[in-house]
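Following: one structure in structure tokens, then a few remarks.
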Amino acid sequence: MTKEKVDISDSFDLLKYLKEQNLLEGHPEFWWPNSNSFEIFLGAILTQNTKWENVEKSLSNLREKNLLSLEAIKEVDLESFILAITPSGFKNQKSIRIKKIVSNILEEFGSFEAFCENVSKEWLLEQKGIGLETADAILCYACKQEFMVVDKYTQKLVASFGYEFESYEDLQAWCEYGINDNLDKIFELYGYEISLNKLYCRFHGKIIEYMKIRNKQSNKGKK
């Protein structure tokens with residue numbers, strides 16, 4: 001992957017560059033393709049190792065079967081739940097893990113609303129099948145907490161500008177620092193005092209959409 005012909009000194013410069021591309025036109029305010037927090041929570045887990053289109057099929061199945069609540073998922077028999085999320089792949093593993101974390105949420109927090117308000121990243125990482133990226137996706141998009149999600153797309157994009165990081169945490173810190181250090185400039189850029197959570201949501205969304213376009217262009221060039 002070649003280095004971009006744009007001068008990027010920090011994540012603020014990257015945000016500004018991506019904002020100029022109008023990448024989120026037609027997308028939801030917080031980018032994630034669903035405004036229902038519980039569906040976002042499920043989607044963040046189901047999307048592991050699969051395409052989002054497959055996740056949407058699973059969520060549609062769950063919606064049809066009225067399985068979009070902690071209580072419903074806890075009570076449904078495992079075979080029915082497996083059948084509903086089959087399109088997302090790894091159905092047996094994901095179904096067992098989701099049912100377990102749902103039970104843990106009910107036991108620890110009592111409701112999904114209380115979970116969103118009080119859950120910590122540390123608690124999420126203690127749950128089987130929840131890694132750093134999934135935990136941050138849940139915290140950022142479902143719980144509206146101030147965590148920036150970074151992924152392989154983020155890693156590839158910043159690498160194209162000459163920045164390499166050894167760990168997820170280092171990449172995340174680079175992304176968050178440039179934003180937090182330039183909030184006044186960002187408010188001026190947006191024209192209002194955008195919340196840090198919304199900013200992280202849209203920044204991550206811009207990265208995904210930008211990389212999708214670049215990948216399509218790259219694939220066309222190979223034909």
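Below are the figures for this structure:
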{"item": "Solvent-accessible heavy-atom area per residue, rounded to whole Å², over the chain at 1.4 Å", "result": "53"}
{"item": "Residue-level accessible surface for Leu68, protein heavy atoms, 1.4 Å, Å²", "result": "50"}
{"item": "Restraint check, Lys5/Lys198; Lys91/Lys216; Lys19/Lys156, Cα-Cα greater than 21 Å", "result": "Lys5/Lys198; Lys91/Lys216"}
{"item": "Most mobile of Phe30, Phe187, Phe203 in a GNM of the chain (Cα contacts under 10 Å)", "result": "Phe187"}
{"item": "Alpha-carbon centroids, the range 90-152 and the range 174-223: separation in whole Å", "result": "24"}
{"item": "Share of carbon and sulfur in the accessible heavy-atom surface of the range 119-166 [1.4 Å probe, %]", "result": "46"}
{"item": "Extreme residue, positive dipole direction of the chain, given options Phe165, Trp52, Ile96 (C-beta unit charges)", "result": "Trp52"}
{"item": "Aspartates and glutamates with Cα under 18 Å of Lys57, excluding same-chain neighbours fewer than 8 positions away", "result": "Glu39, Glu79"}
{"item": "Positive-end residue, the range 102-223 charge dipole about Cα centroid, Cβ charges, pick of Gly129, Gln155, Ser218", "result": "Ser218"}
{"item": "Residue list for the range 1-41, given a label point 7 angstrom along the Cα-to-Cβ vector of Glu164 and an amide N cut-off under 17 Å", "result": "1-4"}
{"item": "Relative contact order computed over the range 28-160 (Cα-Cα under 8 Å; 6+ residues apart), in percent", "result": "25"}
{"item": "Total charge dipole magnitude, the range 81-170, about the Cα centre, Cβ charges on Lys, Arg, Asp, Glu only, Debye to nearest 20", "result": "660"}
{"item": "Cross-link pairs Lys16/Lys51; Lys51/Lys144; Lys51/Lys99; Lys152/Lys212 - those with Cα-Cα distance over 18 Å", "result": "Lys16/Lys51; Lys51/Lys144; Lys51/Lys99"}
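The values are calculated or read from the model by the stated rules, or taken from the named source; none is laboratory data. Note that this is a predicted model, so its numbers are computed, not measured. Methodologically, a virtual Cβ is constructed for each residue, glycine included, from the backbone with ideal geometry; neighbour enumeration extends over all protein chains shown. Protein only, heavy atoms only, side chains kept; ligands, DNA and RNA dropped before computing areas. Shrake-Rupley method; radii C 1.70, N 1.55, O 1.52, S 1.80 Å.
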